[in-house]
Every structure is written in structure tokens, then in C-alpha cells.
Amino acid sequence: MFKNKNGDAAVIPAASKKLRNYSRDKMLTEHIPMLIMLAPFLIFFFVFTIIPIFASIALSFTSYDMIASPKFIWIDNYRRMIVEDTTFSTTVRNTLTFAIIAGPLGFLMSFVLAWFVNEFTPKIRAILSFMFYAPSLVGNAYFIWKVAFSGDSYGYINSFLLSIGVIAEPIVWLKTEAYLMPIIIVVQLWQSMGVSFLSNISGLQNVSRDMYEAGAIDGIRNRWQELRYITLPAMQPMLLFSAVMQIQASFSASTIMIELAGYPSKNMAVDSIVSLMTDMATVRYELGYACAMSVVLFIMMVAARLLVGKILKLFEK
Amino acid sequence: MTIKQYFQDKRAKKSAVKRYTRSTAGNIALVLFLVAGGLFSLLPLIYCVSTSFKPLDELLIFPPRFLVHRPTIGNYAILPDLMASLRVPLSRYIVNSVGISFFTTVVYILVALMAAYSISKGTFKGRNAIFWTVQFALMFNAYTLAVPQYLIFSKLGLIDTYWIYILPPMASTMGVFLGKQYIEGNVPDALLEAAKIDGANQFKVFWSIVMPTIKPIWLTLLLFTFRDIWSAVPSGKIFSEELKILPQVVTQITAGGTARAGSAMAVTVIMMIPPIIVFLVSQSSVAESMSSAGIKE
């Protein structure tokens, strides 16, 4: 703002005093209340998240079995991961394949479904969103897929295919490499209609009414134009949120894979980085190595986040 | 624009406005598609409820059946007997679970949305850096954080107290991120300026202007937070029986193997009821607060 260099203050003393008062007032009425409101979260965030993250990064440079104290080994964990450990490179490949397919698809589905559901009157909307949200409410809902894809002739899918004569022998779905990744992706998509879906719905509630009216007057003819020129730009912040949640969910998926395909899965077809990390930490007690993996995973996710930010910018206006 | 005008405006917009951009064929296709997809998504819920009514022989039958043929309430009726063997009366666990879930959820929503408001509408230095930190922290896999976190919990003396349920969720970044995005898109600066000119201070602006405006998002956040806290098991952090919550009791009941598979499913169904109630209450209020154009209007 106005810098008071020599003499200036003497020339317009009244004005500069007013300015000083103004910035002090701003401090008192704007910044301090804002910081007070931020403080509770910031304190908990620092103590329970930031400190552990730095501790975990520090541990990634050590050999630590959770019994003896950590031993500093420079970048040996990272060298082992990249040079020696072929298991790790397989899991990286699996994680990337999974994330590149399931992430964007999940993002699109959760938006498109929310957009459709939002067309209805409040009561119907509540019923429909309940249906789509149901897998998230049940919790470990993937168990139903275990029964469906069961490898004997009694699994729902096998018995259906056998009865209509498409196959002659039951297929061992969850032990056949070629089927594993597609199955896991379908289950993930079906289960991912949780957080992003509902936050998209609440985002759509507030896309302003006169924007649609103005659009109709300006010659918007159908749903698609309305979507492209009104809804998408207005939904920008919520779409970014939903994209970040999808990155988080798809890069750190492991429960569905371990539950459906087992660990290790057939030819390691669907072992993800987090599956391997869990194994390292809980079965082999190599926590330093597991931490190094989580740092690498973190870097991959941050790269994905920056890329997604760039892509979403294209739809801003 | 004064505050009154803003809300009047909003209410006026709520009254039904015809949308000119919808075709009947499109609407019918939409309904069919959504109902099919919705029923598909309901399958696990139906399976759980139906299994909880299966008698023992139907549970063991091979091939397994999706729906129950001869429903029985036996799985539910046996629950009081199973509960009777608990060392602490069941009511204690229920009070713990309900109390902790509601208290933590309400406090977290306040903590998170205050922070979200501060980051999105504040003008102080460093708020951008904080926002990026929040986003990046969301991406650090929680798994490897567990050990350092445990050390911090025990240093702070939180282990085996109620605080272990309440404090750690306050650090959750999801609500802050969600709130910030929503406030940015839906709370116009003009509205805040008007309130300040009317003489309201920042806290008052947050409570009586921002919170009502962002009602859909705090109702949704309420649901996410409640669901997570309700079903969380603080493994290895609670040892006193009096401090335990329902999910821990459930694992004790379900530990009985196949013979108890039916009761285990019955307990699972009962445990789903509170999140479902919260879902219905919150989502129907979302709908009420901002009814938007519907096909039938």
C-alpha cells in the first residue's frame, strides 16, 4: 500500500494516520477472527497429521522393525524399491493401470449420476440417492461379489452363464489373471458412489436458478448445452473436490483387491502398492521400507493431482 | 444488496420455474436407467437383510441362495441371550456409541467449516499454503501414519480415554476441503460485505450468514462424519470395557463362527440403522432447503 517515505507523513499526517488506523482495524476485525476460527483445526491437523507425515518420511530413510529403534540407512530403501524389488514395480504397474481406468470413470459416473438424480423432485431424489449410496452404507459390501464370482458352478454368474449355454464349464473368475483387473475395476466403480456422488448432489442444488433461465433465453436448446455452458462451469469447485477424492481412492485401493483376489493374487495381477505396503508393515515388520513406499505413492498422487488441476481448468468457462 | 434482499431473492428463485430444455423421451430413458442402476446398487443391502432372517439350515445350504425362503426372527431373538453374557450392560455401549458419534460429528462440522470459511474468505497471508497442505495431506496414505500417531496419542495420554474417539477425527482434512470448495462456489462476497456493513462481526457472519447458506454441504458432511465415526473401531487404543463402543461388541458376537452367522448378520443390520436414519434425515433436509427444478414441477 502507501509507503511513507521521508517527509510524506509530514505532508499528509491526517491521511496517513487514517490509513494506519484502517490497517489496524482490518487486523482486528478481519484477520484475527479468521485466524481464531482456523486455529482449532490447524492445531489438530498439525499434531495428528503433519507431525506423523514428517515422522513417516523420516522413517523411510531407516530400517525399522517396530522393536529395535530405527537405524538410519540413507536411501537404501528407495534403492531397494527401484533397483532390486521386482514385486514393487509390478505393484506400481497394477496401481497405475487401476487408477488410470477406475479414477476417471468413477469421477464421471459420480457426476453423471448426481446430475441425473438432481433432475427429480426432492422426494424421488432422496430415494434414488439412497439407492446409489447403499453400498457405502453397508460397509463391506464387496462380499456379495465374492459369492457372485465364485469359481464353482453355483456362483451366481457361472450358474447364469451355464444355464443360458454361453459356457460349458464354470470359470474360476477370481483365479484367472485375465479377468481379475476388469472385475476389480467394476466392483470399485460400483462401490465408489459415496462421497463424490453426494457432494456433487449438494453442489448441484446451488447452481443458481437464474443462470438456467438466462441460458434458456440465450438460446440453450438441450441438456447437453446446458451442462457444458452452465452446470460444468458453476460446479468447478465441487468437481475438483470429487477429482481429488477419486485420486485418493483409486491410488490407495487395496481392500477390494485383497478381499476378492487374495494376497498375493494370481500372478500378482491385482496386487497394488498399498497391498504390498500393508504386507510389509504387518507381516514382515519392515516399517521403514513401507514408509518409503508410501512416500513414492504420495509423489505419484501429487503428480496426478497437478495434472487433474490442469485438465479441469479447460472446462472453467 | 442487503441480506434481506439476498434471501428474498433466493426464495423467489425457489418457486417453480419452468425449465425449457427437457424432452419427454429423455426423461423416460433417464427414469428407466436410474431405477435399474439403483436396484443393482441395493443388492448388498437386500442380501444382508434377507440373510439376517435365514434359519440355520438355509445359511449352510449349498449352493447359497440370495433370498430367504422360510424367514425366521430367530437370529434376532437370540441376541438378548448373547448380550446377557457381556460383562458390562449393553446400554453402556449404546450410550457410549451414540454419545461419542453425535458429539464428535457436531464438533467436527463446526471445526472443519470454520476453518473452511477462514481459508476461502480470509485475506490473511499463508491461507493458500495451508489449503495446499490440506490437499496434499489427504494424499498421504494413512496406513504408515498409524505408528507415529500412536506414539503421539500415548504421549498426550489419550490412550484408553474417551478423548481417543473425539480428538483424532478433528484433524480430518476432507471436511475442510469440501467446505472450502463449497463456500467458494456458493457464498458470494457481496453477501458477506452487506452483512459487515450492517455491523456484524466475523463470527456472527459465519454463524448467521454462511452456515444457513451452505446448509446442503454441512448436512452432507454430517452424514459422512457420522458414518465413519459410528463404525470406527479404535483397535489397540481402548482397553477398559466401560469405554468400549458397539462395533467392538459386534466383533465379540460375530466371533462365534458359522453357527452365529445369522446373528452376526442380524447385528450388522441393526448397526446399519443409525447411519441410514442420519442419511434420510440429512438428505431430505438437503432437498427441503434448496428445492431445485424437478421433472414434475
* With the checklist (1) under 23 Å from A:Tyr142 (Cα atoms); (2) assigned to a loop (DSSP other than H, G, I, E, B) in hand, flag the one item A:Gly165 doesn't pass. => (1)
* Out of A:Tyr289, A:Tyr212, A:Tyr285, report the one residue that is out of contact with any Cys (no Cβ under 9 Å at 6 or more places or on another chain) and either without any contact (Cβ under 8 Å) to a residue 40 or more places away in the chain or polar (S, T, N, Q) (or both). => A:Tyr212
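Among the residues of the stretch A:179-222, count how many are over 30 Å from A:Tyr142 (Cβ atoms) and either facing chain B (nearest Cβ under 9 Å) or among the hydroxyl-bearing types (Ser, Thr, Tyr) (or both).
Of all residues in the stretch A:179-222, those over 30 Å from A:Tyr142 (Cβ atoms) come to A:205-222.
Imposing the further condition that a residue be either facing chain B (nearest Cβ under 9 Å) or among the hydroxyl-bearing types (Ser, Thr, Tyr) (or both) reduces the set to A:205-210, A:212-213, A:215-217, A:220-222.
Adding up the residues that qualify gives 14.
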* **Only one of A:Val117, A:Val147 that is within 12 Å of another protein chain (Cβ to nearest Cβ), over 24 Å from A:Val283 (Cα atoms) and within 25 Å of the chain's Cα centre (by Cα)** => A:Val117
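Conditions (1) more than 10 Å from chain B (Cβ to nearest Cβ); (2) buried (at least 22 other Cβ atoms within 10 Å of the Cβ); (3) among the hydrophobic types (A, V, I, L, M, F, W, C), marked per residue:
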{"position": "A:Cys291", "(1), (2), (3)": "no, yes, yes"}
{"position": "A:Ser294", "(1), (2), (3)": "no, yes, no"}
{"position": "A:Val302", "(1), (2), (3)": "no, no, yes"}
{"position": "A:Leu306", "(1), (2), (3)": "yes, no, yes"}
{"position": "A:Ile311", "(1), (2), (3)": "yes, no, yes"}
{"position": "A:Leu314", "(1), (2), (3)": "yes, no, yes"}
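Here's the yes/no breakdown for (1) crowded, with 21+ Cβ neighbours inside 10 Å; (2) at pLDDT 80 or above; (3) part of a helix (DSSP H, G or I):
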| position | (1), (2), (3) |
| --- | --- |
| B:Lys237 | no, yes, no |
| B:Ala259 | no, no, yes |
| B:Ser284 | no, no, yes |
| B:Gly294 | no, no, no |
* Would you point out the residue of the stretch A:252-261, among those that are touching a residue at least 24 places away in the same chain (Cβ under 8 Å) and more than 12 Å from chain B (Cβ to nearest Cβ), that is nearest to A:Arg79 (Cα to Cα)? => A:Met257
* Asked: Out of all the residues in the stretch B:201-223, which are at the interface with chain A (Cβ under 9 Å from one of its Cβ atoms) and either under 10 Å from B:Val187 (Cα atoms) or small (Gly, Ala, Ser) (or both)?
  -> B:Thr213, B:Ile214
* Using the structure shown, decide if B:Ser240 is among the small types (Gly, Ala, Ser) and either over 29 Å from B:Leu178 (Cβ atoms) or outside the structural domain of B:Ser97 (by TED's automatic domain parsing) (or both). => yes
* For A:Leu113, all conditions in the list (1) without any contact (Cβ under 8 Å) to a residue 24 or more places away in the chain; (2) of a type in the set (A, V, I, L, M); (3) surrounded by 15 or more Cβ atoms within 10 Å (Cβ to Cβ); (4) in the same structural domain as A:Tyr133 (by TED's automatic domain parsing) hold save one; what is the number of the exception? -> (1)
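Residues in the stretch B:71-79: is at least one within 14 Å of chain A (Cβ to nearest Cβ) and either at pLDDT 85 or above or over 30 Å from A:Asp65 (Cα atoms) (or both)?
Keep residues of the stretch B:71-79 that are within 14 Å of chain A (Cβ to nearest Cβ), which gives none.
No, the conditions are met nowhere in the stretch B:71-79.
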* To do: List the helices (runs of 4 or more DSSP H) that sit entirely inside the stretch A:1-49 and contain at least 1 residues that are at pLDDT 75 or above and in contact with a helix residue (DSSP H, G or I) (Cβ under 7 Å, 6 or more places away or on another chain).
  => A:32-45
* How about the stretch A:259-281: which of its residues are under 19 Å from A:Ser136 (Cβ atoms) and either among the aliphatic types (A, V, I, L, M) or crowded, with 19+ Cβ neighbours inside 10 Å (or both)? -> A:Leu260
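Please work out which residue is nearest to the chain's Cα centre (by Cα), limiting yourself to the stretch A:134-143 and to residues that are more than 7 Å from chain B (Cβ to nearest Cβ) and not in a loop (DSSP other than H, G, I, E, B).
We begin by selecting, within the stretch A:134-143, every residue more than 7 Å from chain B (Cβ to nearest Cβ); these are A:136, A:140, A:142-143.
Subsequent filtering for residues that are not in a loop (DSSP other than H, G, I, E, B) retains A:136, A:143.
Values: A:Ser136: 15, A:Phe143: 22 Å.
Among those that are more than 7 Å from chain B (Cβ to nearest Cβ) and not in a loop (DSSP other than H, G, I, E, B), it is A:Ser136.
For the stretch B:103-120, which positions are surrounded by 16 or more Cβ atoms within 10 Å (Cβ to Cβ) and more than 14 Å from every other protein chain (Cβ to nearest Cβ)? Walk me through it before giving the result.
Of the stretch B:103-120, the ones surrounded by 16 or more Cβ atoms within 10 Å (Cβ to Cβ) are B:104-105, B:107-120.
Once the filter is applied, which keeps residues that are surrounded by 16 or more Cβ atoms within 10 Å (Cβ to Cβ) and more than 14 Å from every other protein chain (Cβ to nearest Cβ), the stretch B:103-120 yields only B:Thr105.
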* **Boolean, A:Val138 is in contact with a Cys (Cβ under 8 Å, 6 or more places away or on another chain) and under 19 Å from A:Met257 (Cα atoms)** => yes
* Structure fact -> Residue count, the stretch A:32-57, condition under 26 Å from the mean Cα position of the chain (by Cα), without any contact (Cβ under 8 Å) to a residue 12 or more places away in the chain and surrounded by 15 or more Cβ atoms within 10 Å (Cβ to Cβ), comes to 14
* Give the number of residues within the stretch B:63-100 that are touching a Leu at 6+ places or on another chain (Cβ under 6 Å) and under 14 Å from B:Met271 (Cα atoms). => 2
* To do: Collect the residues in the stretch A:197-229 that are under 30 Å from B:Phe279 (Cα atoms) and of a type in the set (Phe, Trp, Tyr), keeping them in residue-number order.
  => A:Phe197, A:Tyr212
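Say whether the condition of being under 31 Å from the mean Cα position of the chain (by Cα) and among the aliphatic types (A, V, I, L, M) is met by at least one residue in the stretch B:101-108.
The answer is yes, given that some residue of the stretch B:101-108 is under 31 Å from the mean Cα position of the chain (by Cα) and among the aliphatic types (A, V, I, L, M).
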* Search the stretch B:42-67 for residues being within 30 Å of the chain's Cα centre (by Cα) and not in a helix (DSSP H, G or I), and hand back the single one that is farthest from A:Tyr133 (Cα to Cα). => B:Lys54
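Here is a yes/no grid of residues against (1) in a helix (DSSP H, G or I); (2) within 11 Å of another protein chain (Cβ to nearest Cβ); (3) under 28 Å from B:Leu221 (Cα atoms); (4) among the aromatic types (Phe, Trp, Tyr):
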site: A:Pro233; (1), (2), (3), (4): yes, yes, yes, no
site: A:Phe241; (1), (2), (3), (4): yes, yes, yes, yes
site: A:Ser250; (1), (2), (3), (4): yes, no, yes, no
site: A:Asp271; (1), (2), (3), (4): no, no, no, no
* Asked: So A:Lys146 fits all but one of (1) modelled with pLDDT under 85; (2) buried (at least 17 other Cβ atoms within 10 Å of the Cβ); (3) part of a helix (DSSP H, G or I); what number is the exception?
  -> (2)
* To do: Give the residues of the stretch B:121-148 that are hydroxyl-bearing (Ser, Thr, Tyr), surrounded by fewer than 20 Cβ atoms within 10 Å (Cβ to Cβ) and out of contact with any Phe, Trp or Tyr (no Cβ under 9 Å at 6 or more places or on another chain), sorted by residue number.
  => B:Thr123
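The values are calculated or read from the model by the stated rules, or taken from the named source; none is laboratory data. Source: prediction; values computed, not measured. Don't worry about glycine lacking a Cβ; one is built from the backbone with ideal geometry, like all the others, and counts go over all protein chains shown.
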